[in-house]
Structure formats: C-alpha cells, structure tokens
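Visitor: Take this structure first; my questions come after.
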Amino acid sequence: MKKINKFYIVGISLALILFTSCSQFEDINTNPDTTTQVSASLLCTNVVLSVAAFSSEAKSYLDDNALPKYIGYANEGQMSEQYNKIGSSSFGAMTILPDIEKMLENAQGSVMEDSYKGVAKFARAYMFYRLTMEMGDIPYSETGRGDIGLFRPKYDTQEEVLIGILNELKEADQYFAVGRTFTGDPTPYSGNPAKWQKATNALALKILMTLSKKEGVASLDVKNRFAEIVAAGNLLESTTGFFGLNYSVQNKHPLSGTSNLFTSRTIISSVLMDNLKKYNDRRLFYYAEPAGAKISAGKLQSDTAAYVGVDVSMDYAAMNTAFSANKFSVLNKRYLTEAACEPRMLLTYAEQELILSEGILRGWITTGSAQTYYQEGVKSALASIMATKSTYAHTKPIDQTYIDGYFTGEAAFKSTVDEQLKQIWMQRYFLSFMQDAEYSYFEYRRNAYPVFPINPATSLNENNKSGLPLRWTYPDSETDYNRDNLIEALDRQFDGYDEINKVMWLLK
C-alpha cells in the first residue's frame, strides 16, 4: 500500500512539473501584443474569398472559358474542355464550413453579428449552388457535422438542396436588413450591409432564373419567389457596384504576367467573335487582337474584318497550322499584361437587369418593361468595359455616344418573345466572357443558346459525340469515404452510373 502511495505521489509531482513547465512555455512563447484567437473579421475575409476569388491558376481560368466556347487553344496539347470533355468535380469548397461556424461563434454578441450571419448564409448558398449545378444531388443538410461524429453525410436531392439554398438567401436578406457595417469584407462593398442585401437578392434572382424549367414545381415556387424579391425592391442599382473583387498589383488577375507559350496562344472563338460583329459590339476590340495575317494583308486594327475567330470544333492539328499562319485573333493583350485588366464581377447590375427582362417575358413580374430592363442591362455592361484603358481598344473605344446609339440593327429589341429571349441570352453570354464563364455553361444547358459548334469527328465526349457534357462526375474520394451514400444518390438519379452525359433533375 505504501508502495502504491509512493508512486501516486511521484506521479502527481511529475504531472505538476509538466503542467507548470507547459504553462511557463506557453507564457514565454505567447506574444502579449497579438490575439491568440482568430477574429470574426479575419474569418469573414476567408469566407468571402472562398466565394469571390478565383483560387486556381491561369490554365484553369482558361479551361473554364473553353467549355462554353469562348476560346480555343493552340498550345502544348489538345484541351479537353474545348472538345467537350470534363471530368470529376470536388467537394473541396465545403472545407470553408468550419470557418463559417467559427466566424459566427466569434461574432456572437457583437454589434456586427447579424451582418456576419448574413455573410454566412450568402456564402453557404453560393457554394452549395455551384456544387449542385455541377453534379446534381449533393451532401447538404448533414454537412459540417463532424463535431458530432457525422463524417459520411447523406446526399440530398437537388430539389431539396435548391429549396434550402433559396431559403438561406432569404435569411441572409433578413440579416443584412438589420445588420451593421462589418469588417473583414474584401469586396468593393467594404462591409456595407445594404449593398450585401442587394447582392443577396440579385443572386436569388439569378438562381431562380436557372430554375425556369422547374417553374411548375410547387416546392420551389419559382415564379412567386421571383416576384416577391422584385416587389421588395432591395435590388442592385446602377450605383451599387458589383459583387466580386478588384484586382491590383498585389492581387493580380489570374492571367496577368502569363504571356507564355500557353496563354499567348489563346484564340477567340467564332461563336463569340461572329456574334459580337453581328451586334456591332465594340467589346470585340477589348476582347481580342486582330489576326496577324489580316493586318499583313492591309486591314486596319479598327476594321472588324481584321478579327477572325476559330471554329473551336475544328481538327486540332489543322487549328494549330492555321494559328501558326496568324489566321486567328488571340486574346487581347490587356489580360496578359495588366495586373488589373478588369475586376472579377460575379453579381452585377447589368446581369440583374437582363434577368429582370427575361422575368417580364416569362410573366413572372409585371412591373417595368422587358425592353427597358434589356437596354439598362446592356448599357451597364458596356459602361463597365468603358472603364478599361482605351489604349487596348484598337482605336475603337466605347464611349457614351457609342453606348447611347447601341440599340440599332441586331441590338434593337426584337418584336417576338423568342427573338427577345435570344437577345437577352446573347447579352449575358457577352457579359460572362473572362468572368463567370462556368455560369455561361449552365445557361447553355438551360437554353441551348447561343448555338455551339459540335463536331462528332473531333469531340472527346465519348458517350455523346454530338453533344456537350451535362455535368461533372462526383469526386473519386467519395468512393472510398462515402460509398454507400454515393451509390444511393447514383441509383436515385442516374441508374447507378456516374457519367458526364447523365441528366440531372434540374434539366429534366
């Protein structure tokens, strides 16, 4: 018994020594002038950047623009996206969920709490929306529950996910309505809750428009949700500014400084080029360089005939041969040389107005006119390009006189609803070039417009040579870590087969 007590006392003594030593070590190595806890403000910055920033490199940036047929490549190898092949997506974006929870925890009781709650709801909605649009059914309601041992979340149906996302945006709107100016916002809004509220509602309208095929689904209530948001009036205004990021010397555009064998050989597609010409749209001169062969033949840089787009479905070897002969227009040099060639604009007044124009044509709202919304949207889009250095406009700058006279010829609002819708969709296509290109892919799935060239002889879409892929496949890691739930989701949606041509619920 004495022997046991002896060792017990020795053990306690050692524990006290270790505890004291550790405490002294922590005291010595803790800077009294710095915080040991990440603030809600710092976490907010990370959360917003997870949504607003393009976190990958130049090649991925161009890949995103290849799938919706904005560009072609004449580089070191054939690019899959140009020829209608995509692979698996990732659930990596969900790693932001712990930061969101920590941000809310640290903001609790502060005057900025409601604003941070709004940011949390907005960021969650934006992130989950992109994931479900890419893949279909995804884990949603059971995500971020590792603290209670839930490491294999179920896959919610796409319908359930979209309902949840729209509800979260409605909550975000309510939080921002009573929110205070908050810190940690890296966007041009600088923590202004009124501007965030407007962006939240613009995002909700954007999402609802992607659900136009599901207008009759009672659970989504697309038409009424859309009308309620518009009636409330808290929407982006021409003076609100965009939701996104300003690039700078410190935070450069992804293509800046990459004038190398890869990026300098990026060719503008004939889809974009020919339609810009059709609309007599001077964005042509800001998006592209004149073809070298045309300039050598005597064409002026201000002549639209000097600009030649590539049929992105043409044989790869033939495209490279023609490129070597300077027959095509490449990406405007400003993208490769300017640190801040243009901001990253994810939600804009221009796009919102075009969406409202379509809402009128669909009968979802009755206030205003489709033509007025259309013209407002286009004017705003052109004005944002007007802010770009005119030295890159090849002597054809966009100015206010040009903007005021834009709506003639093909750009004049048409007389039939079918033609008007196509005009709206085309303007949104122009708007998303080198911006939110993936969303143009989502829009093509919805509208099959503009018409994309698809050549079965060159297509890399093995199971549908005559079509664009409809989705990304699920992450390979799900097979190892969440297999049962993955199989259930595949059986429910795609007859058990995870493949890029399968039709998700949204598109049926």
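The values are calculated or read from the model by the stated rules, or taken from the named source; none is laboratory data. From a predicted model like this one, the values you see are computed outputs, not experimental measurements. Neighbour counts run over all protein chains shown; Cβ positions are idealised from the backbone, glycine included.
Visitor: Within region 174-197, is there a residue that is in contact (Cβ under 8 Å) with a residue 60 or more places away in the chain, in a helix (DSSP H, G or I) and under 25 Å from Phe442 (Cα atoms)?
Guide: Yes: region 174-197 contains one or more residues that are in contact (Cβ under 8 Å) with a residue 60 or more places away in the chain, in a helix (DSSP H, G or I) and under 25 Å from Phe442 (Cα atoms).
Visitor: Considering Ile360, Ile365, which residue is in a helix (DSSP H, G or I), farther than 28 Å from Ser50 by Cβ and modelled with pLDDT of 95 or more? Explain how you work it out, then say what you get.
Guide: On the way: Ile365 fails: in a helix (DSSP H, G or I).
Matching residue, one of Ile360, Ile365: Ile360.
Visitor: Looking at this structure, is Thr337 out of contact with any Lys or Arg (no Cβ under 8 Å at 6 or more places or on another chain), within 30 Å of Ala297 (Cα to Cα) and at pLDDT below 95? Walk me through it before giving the result.
Guide: Values: out of contact with any Lys or Arg (no Cβ under 8 Å at 6 or more places or on another chain): yes; within 30 Å of Ala297 (Cα to Cα): yes; at pLDDT below 95: yes.
The answer is yes for Thr337.
Visitor: Using the structure shown, decide if Lys299 is crowded, with 19+ Cβ neighbours inside 10 Å and among the basic types (Lys, Arg).
Guide: Numbers: crowded, with 19+ Cβ neighbours inside 10 Å: no; among the basic types (Lys, Arg): yes.
No: the conditions fail for Lys299.
Visitor: Another one. How about region 199-216: which of its residues are assigned to a helix (DSSP H, G or I), more than 14 Å from Val119 (Cβ to Cβ) and not polar (S, T, N, Q)?
Guide: Correct list: Ala202, Ala204, Leu205, Lys206, Ile207, Leu208, Met209, Lys213, Lys214.
Visitor: Among the residues of region 147-168, are any in contact with a Ser or Thr (Cβ under 9 Å, 6 or more places away or on another chain), surrounded by fewer than 22 Cβ atoms within 10 Å (Cβ to Cβ), small (Gly, Ala, Ser) and farther than 30 Å from Ala317 by Cβ?
Guide: yes
Visitor: Here is a check on your reading of the model: is Phe328 outside any helix (DSSP H, G or I), over 22 Å from the mean Cα position of the chain (by Cα) and among the aromatic types (Phe, Trp, Tyr)? Step through it out loud before you land on a result.
Guide: On the way: outside any helix (DSSP H, G or I): yes; over 22 Å from the mean Cα position of the chain (by Cα): yes; among the aromatic types (Phe, Trp, Tyr): yes.
Criteria met by Phe328.
Visitor: Give the residue, chosen from Ser212, Ser259, that is of a type in the set (Gly, Ala, Ser) and within 22 Å of Tyr129 (Cα to Cα).
Guide: Details: Ser259 fails: within 22 Å of Tyr129 (Cα to Cα).
None of the other options fit; the residue is Ser212.
Visitor: Here is a check on your reading of the model: is Ala227 on the phi < 0 side of the Ramachandran plot and surrounded by fewer than 19 Cβ atoms within 10 Å (Cβ to Cβ)? Let's see the steps before the verdict.
Guide: Working: on the phi < 0 side of the Ramachandran plot: yes; surrounded by fewer than 19 Cβ atoms within 10 Å (Cβ to Cβ): yes.
Spelling it out, Ala227 is indeed on the phi < 0 side of the Ramachandran plot and surrounded by fewer than 19 Cβ atoms within 10 Å (Cβ to Cβ).
Visitor: Let me spell it out: the conditions are (1) surrounded by fewer than 24 Cβ atoms within 10 Å (Cβ to Cβ); (2) more than 22 Å from the chain's Cα centre (by Cα); (3) at pLDDT 95 or above; (4) farther than 18 Å from Asp484 by Cα, and Gly144 meets all of them except one. Which number is the exception?
Guide: With respect to (1) surrounded by fewer than 24 Cβ atoms within 10 Å (Cβ to Cβ); (2) more than 22 Å from the chain's Cα centre (by Cα); (3) at pLDDT 95 or above; (4) farther than 18 Å from Asp484 by Cα, Gly144 is out only on (3).
Visitor: Just wondering, is there one or more residues in region 190-209 that are at pLDDT 95 or above, farther than 23 Å from Val48 by Cα and under 19 Å from the mean Cα position of the chain (by Cα)?
Guide: Quick first cut of region 190-209, residues at pLDDT 95 or above only: 190-209.
When the remaining residues are screened for being farther than 23 Å from Val48 by Cα, the result is 209.
Right, trim to under 19 Å from the mean Cα position of the chain (by Cα) and you get 209.
Yes, region 190-209 contains a residue that is at pLDDT 95 or above, farther than 23 Å from Val48 by Cα and under 19 Å from the mean Cα position of the chain (by Cα).
Visitor: Taking region 468-493 only, how many residues are touching a residue at least 40 places away in the same chain (Cβ under 8 Å), surrounded by 15 or more Cβ atoms within 10 Å (Cβ to Cβ) and not charged (D, E, K, R)?
Guide: Here the count works out to 11.
Visitor: Could you tell me whether Asp491 is in contact with a strand residue (DSSP E or B) (Cβ under 8 Å, 6 or more places away or on another chain) and either modelled with pLDDT of 95 or more or over 22 Å from Met209 (Cα atoms) (or both)?
Guide: Taking the combined requirement at face value, the residue does not satisfy it.
Visitor: Further, regarding this structure: Can you name the residue in region 74-105 that is in a loop (DSSP other than H, G, I, E, B) and over 23 Å from the mean Cα position of the chain (by Cα) and is also modelled with the lowest pLDDT among such residues? Explain how you work it out, then say what you get.
Guide: Step one: list which residues in region 74-105 are in a loop (DSSP other than H, G, I, E, B), which gives 74-80, 84-87, 89-91.
Applying the additional criterion that residues be over 23 Å from the mean Cα position of the chain (by Cα) yields 74-78.
Working: Ala74: 88, Asn75: 76, Glu76: 70, Gly77: 79, Gln78: 86.
Ranking the candidates gives Glu76 first.
Visitor: Right, here's the next one. Can you tell me which of (1) on the phi > 0 side of the Ramachandran plot; (2) without any contact (Cβ under 8 Å) to a residue 24 or more places away in the chain is the one Glu160 doesn't meet?
Guide: It fails just one condition, (1).
Visitor: Consider region 321-336. How many of its residues are in contact (Cβ under 8 Å) with a residue 40 or more places away in the chain and crowded, with 16+ Cβ neighbours inside 10 Å?
Guide: Summing the residues that are in contact (Cβ under 8 Å) with a residue 40 or more places away in the chain and crowded, with 16+ Cβ neighbours inside 10 Å in region 321-336 gives 9.
Visitor: Taking only pairs six or more apart or across chains, which ones have beta-carbon atoms under 6 Å, a first residue in region 122-133 that is more than 17 Å from Asp185 (Cα to Cα), and a second residue that is outside any helix (DSSP H, G or I) and not β-branched (Val, Ile, Thr)?
Guide: Phe128/Tyr140
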